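Written below as structure tokens is the structure these notes are about.
Every read-out reported here was derived from the displayed coordinates using simple, explicitly stated rules and does not represent laboratory data. Quick caveat: nothing in here was measured; it's all calculated off a predicted structure. All Cβ positions, even for glycine, are placed from backbone atoms using ideal geometry, and neighbour counts span all protein chains on display.
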Amino acid sequence: MTTPMLEIRNLHARIEEREILKGVNLVVPRGEVHAIMGRNGSGKSTLSYVLAGKEDYEVTEGEVLLDGVNILDMDPAERASAGLFLAFQYPIEIPGVATMTFLKAALNAQRKARGEGELSTPDFMRAVKESGKALSIDSDMLKRALNVGFSGGEKKRAEILQMALLKPKMCVLDETDSGLDIDALKVVSEGVNALRDADRAMLVITHYQRLLDHIVPDVVHVFSSGRIVESGDKSLALELEAKGYAGFDEQAA
Amino acid sequence: MNVPVRLGPAELSLIAQLTGAGASGEAERLAAAGLPTRKVESYHYTDLKTLLRAVPELAGKAEGVSPPALRVAGAYQLMIANGVPQESGTAPAGVIVGTVEGSVLSTRDDVLVRLNSALVKTALRIDLDGSVDPVIQIDRRTEGPAAHAPSAAKIYVGDNASAVILETYSGSDAAHVTNHATYLALGKNAVVTHITVDLSARQATHFATNEYVLAEGAQLRTLVIHAGANVSRTHLFPKFAGKGAHADVTGLNLVSDGQHADITMDANHAVPHTSSKPLFKSIARGRSKAVVQGRLVVARDAQKTDAKLMAQGLMLSDEAEILCKPELEIYADDVVCGHGSTCGQLDEDSLFYLMSRGIPKTEAETLLVRGFLAELIDPIEDAALNEALTAVVDGWLAGK
Ligand SMILES: Nc1ncnc2c1ncn2[C@@H]1O[C@H](COP(=O)(O)OP(=O)(O)OP(=O)(O)O)[C@@H](O)[C@H]1O
Ligand SMILES: [Mg+2]
């Protein structure tokens, strides 16, 4: 059996004494796209932050293997260079840091960590232009400070642009669909689909079936009170849409 | 008189120097008042009596010069060494260089102003006209063994002229006490950028007083950077004397362990329809202290003054201290004036975001610090100058 791209074993995590993740088990094989759906506050973003290595959370139990390697001891930058990417539910605005400067720093840092040389400026510009075009990101936006003054939808698009440039092995998308208009949802989904690959896996957190019409998942998981309570094929998302979460809460209790 | 002030070695040296320079009136005044302590409002956070333990001998002739602290490609170089203006190369078009005797600053009840005015014999004088092309750099050096070096420059920028002036302060690695003065007058509609960068030795004490007078329509941008001396203080006195005059008065304190830096501004909006946007930033690490005091005075006649003062601090350690004191003194009624200040550490969420893209921690921190400073450095349009200032900041960030 080949190593899964992501394997989460009995993951428990807390913040300020409060346990949020209560034994998450999840296997995402390479090449697959898994969706996570669940109520507000059930811990989906927490899971994504814990995967990415946010300091505020304390992992009290469990393991996270990225392509077979335990990443829990790595800092966020090391995890990123190991191939993990989190598209934030709420991308952070960073005044004074030009978007292009940031993109170049990120790309070159990851190349360096992997022992590759720096990308030349023309090559870098070309790569950004191409990815930007595919996501209908206008170049004026890239001249501004990182995420500053970007609309909600522009921020989400910028996240996918970063993903396209960094070419991670494991993509975690936290509500990338929220804040997108109908056309943008299509553009972003196409951007994501273009990155589907036999050597890449994705975990897509969403509230809406609508996104999963565009990014068709191999597996859908239901998240409730800090763990996965049900998994199934894409029809599970339809069932959730029809019935809501009520039926699944029981199983969590 | 009242209770006599107990005089320390610094004061006694200064009194002797003033007497030696024939300024016995000033000597007596200093003997009576002593150096300002925290009780004097404008020195509240920079108590000279405590900070100035000793004052070395007045500087003699500079023997040899250390390498320039900051080079800007294409700049026209002028030098003041140990307080004395030096011969300079052929001046570019629109630039007349000379000297002027006596004090350059307006009379003020401020000990550093008084000392400078009493002790400087010959000041550098520059007249700028038309659109002056190269950056004018006044390279102020204090060389040789530890010395007390007062120096001064008087700069006139003609009507409709434009210029970029850079002043740098550096010298030998000794416990100098320097006291610099610049008087800069902007003619009608003149457009001037004036940047002062302290790169003195770590043991030095650096004082500077910059006085600006803006005629009608004049546009000024200033940037003070403290990145050298153990103790540094720059006192800015912008005066808005003509309708439509505007100044972006900006400054940056960069302090590391053991250092103390102070930017104090007294802005005087004297006539109607003038505006200013003072913006001061401080970054402190280790056990250090940065001070920003900003006072906006709006005269009774100065209706329609538009002035917004902002002070921001970034603390890179728990022991760092950043003190900001804004003050508004408004005598006119139809004005838009305000102030604000923020102080904090690097934003954890921002740091996490950058790191989550693979940028290692120290690099991410550098990006954020540069981001914090971008507002000050970005407006400097001259590419070589912008690059040189960025290098100063990066050099500081990289350690020291
Ligand atoms: N810093 C914090 N301190 C205390 N509780 C927190 C903190 N951050 C998150 N939580 C709590 O953790 C729980 C899970 O939050 P999380 O953001 O992971 O939910 P979510 O499933 O992503 O919700 P949504 O669908 O609304 O995005 C919530 O109850 C939230 O209030
Ligand atoms: Mg969430």
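Taking the Cα centre of chain B as origin and assigning +1 to Lys and Arg Cβ atoms and -1 to Asp and Glu Cβ atoms, the resulting dipole is close to 680 debye. With R₀ fixed at 56 Å, the C-beta to C-beta distance from A:Asp213 to B:Thr99 puts the FRET efficiency at about 0.10. Please work out the Cα center distance from the range A:139-184 to the range B:10-57, rounded to the nearest Å. The range A:139-184 and the range B:10-57 have Cα centres separated by 60 Å.
Note on the protein assembly as shown: with charges restricted to the Cβ of Lys and Arg (+1) and Asp and Glu (-1), its dipole about the Cα centre is near 1020 debye. Close amide H pairs (under 5 Å, H built 1.01 Å from N) link A:Ile36 with A:Val204, A:Ile205, A:Thr206, A:His221, residues at least 5 positions away or on another chain. Rounded to whole numbers, the Karplus 3J(HN,Hα) couplings from phi for the range B:226-235 are 9, 9, x, 4, 5, 10, 9, 8, 10, 10 Hz, using 6.51 cos²θ - 1.76 cosθ + 1.60 with θ = phi - 60°, and x at Gly and Pro.
Need one number: the % of Cα-Cα pairs in the range B:73-346 sitting beyond the 35 Å mark. Counting every Cα pair in the range B:73-346, those more than 35 Å apart make up 14 percent. Per-residue 3J(HN,Hα) values for the range A:185-198, derived from phi via the Karplus relation 6.51 cos²θ - 1.76 cosθ + 1.60 with θ = phi - 60°, read 4, 5, 4, 5, 4, 4, x, 5, 4, 4, 8, 5, 7, 4 Hz in sequence order (x marks Gly and Pro).
Sorted largest first, the spans of the alpha carbon positions of the range B:22-117 along the three principal axes are 47, 27, 26 Å.
Using a Förster distance of 35 angstrom, determine the FRET efficiency expected from the C-beta separation of B:Lys325 and A:Glu17, and round it to 0.05. Provide the component values of the computation, followed by the final result.
Values: r = 39 Å, r/R0 = 1.12.
The calculated FRET efficiency here is 0.35.
With respect to chain A, whose longest principal axis is taken over its alpha-carbon atoms, helix A:99-113 is tilted by about 70°. What angle, in degrees between 0 and 90 and rounded to the nearest 10, separates the Cα long axis of helix A:152-166 from the longest principal axis of the Cα atoms of chain A? Value to nearest ten degrees: 80. Of the residues B:Ala267, B:Ala23, B:Ala311, the one that moves most in a GNM of chain B with alpha-carbon contacts below 10 Å is B:Ala23. Here the 3J(HN,Hα) profile of the range A:168-180, calculated from phi with Karplus coefficients 6.51, -1.76 and 1.60 at θ = phi - 60°, is x, 7, 10, 9, 10, 10, 9, 6, 5, 7, 5, x, 9 Hz, Gly and Pro shown as x.
For B:His148, the residues whose modelled amide H falls within less than 5 Å of its own, excluding neighbours fewer than 5 places apart on the same chain, are B:Glu57, B:Leu58, B:Ala59, B:Val177.
Amide hydrogen proximity for A:Arg30: with H placed 1.01 Å from N in the peptide plane, the residues at 5 or more positions away or on another chain lying under 5 Å are A:Met5. Think of each Lys and Arg Cβ as +1 and each Asp and Glu Cβ as -1; about the Cα centre, that makes the dipole of chain A roughly 640 debye.
Pairs of alpha-carbon atoms within less than 8 angstrom and 6+ residues apart define the contacts here; what relative contact order does the range B:73-346 have, in percent? Write down the numbers at each step before the final one.
Numbers: 930 pairs, mean separation 30.6, N = 274.
Reported relative contact order: 11 percent.
Considering only A:Ala82, B:Ala383, B:Ala174, the residue lying farthest towards the positive end of the dipole of the protein assembly as shown is B:Ala174, judged by Cα position with unit charges set on Cβ.
For B:Ala332 and B:Ala33, the FRET efficiency from 1/(1 + (r/R0)^6), where r spans their Cβ atoms and R0 equals 25 Å, is about 0.15.
Rounded to the nearest angstrom and ordered from largest down, what semi-axes does the equivalent ellipsoid of the protein assembly as shown get from its C-alpha gyration tensor (root of 5λ)? Write out the running numbers ahead of the final one.
Details: eigenvalues 693, 126, 107 Å².
Equivalent ellipsoid semi-axes, largest first: 59, 25, 23 Å.
For the range B:221-299 versus the range A:69-112, the inter-centroid distance based on Cα atoms is 36 Å.
What shape does chain A have by the C-alpha gyration tensor, where a ≥ b ≥ c are the square roots of the eigenvalues, rounded means a/c under 1.5, and otherwise prolate means a/b greater than b/c and oblate the rest?
Working: a/c = 1.71, a/b = 1.38, b/c = 1.24.
Prolate, because a/c is 1.5 or more and a/b exceeds b/c.
Classification of the range B:168-306 by its C-alpha gyration tensor yields a prolate form. The axis ratio a/c (a ≥ b ≥ c) is 1.5 or more, and a/b outweighs b/c. The long axis of helix A:121-134 is offset from the longest Cα principal axis of chain A by roughly 50 degrees. Across chain A, the mean sequence separation of Cα contacts (distance under 8 Å, 6 or more residues apart), normalised by length, yields a relative contact order of 28 percent.
Helices of chain B meeting both criteria, an alpha-carbon length of 27 angstrom or more along the long axis and an average Kyte-Doolittle score not below -1.0, with helices taken as full DSSP H segments, do not occur.
Approximating the spin labels as points 7 Å out from Cα along Cα→Cβ, the B:Leu346-to-B:Glu381 distance works out to 3.3 nm. Restricting attention to the protein assembly as shown, close to 20% of DSSP beta bridges with both partner residues there are antiparallel. Averaging the Cα positions of each part gives two centres, and for the range B:314-335 and the range A:7-38 these lie 47 Å apart. Between the listed residues B:Leu112, B:Val197, B:Leu323, the Cα displaced farthest toward the positive end of the dipole of the range B:73-346, a dipole computed from Cβ unit charges relative to the Cα centre, is found at B:Leu323.
Which whole-number percent gives the relative contact order of the range B:1-94, counting Cα pairs below 8 Å spaced six or more residues apart?
Details: 79 pairs, mean separation 21.3, N = 94.
Relative CO of the range B:1-94 lands at 23 percent.
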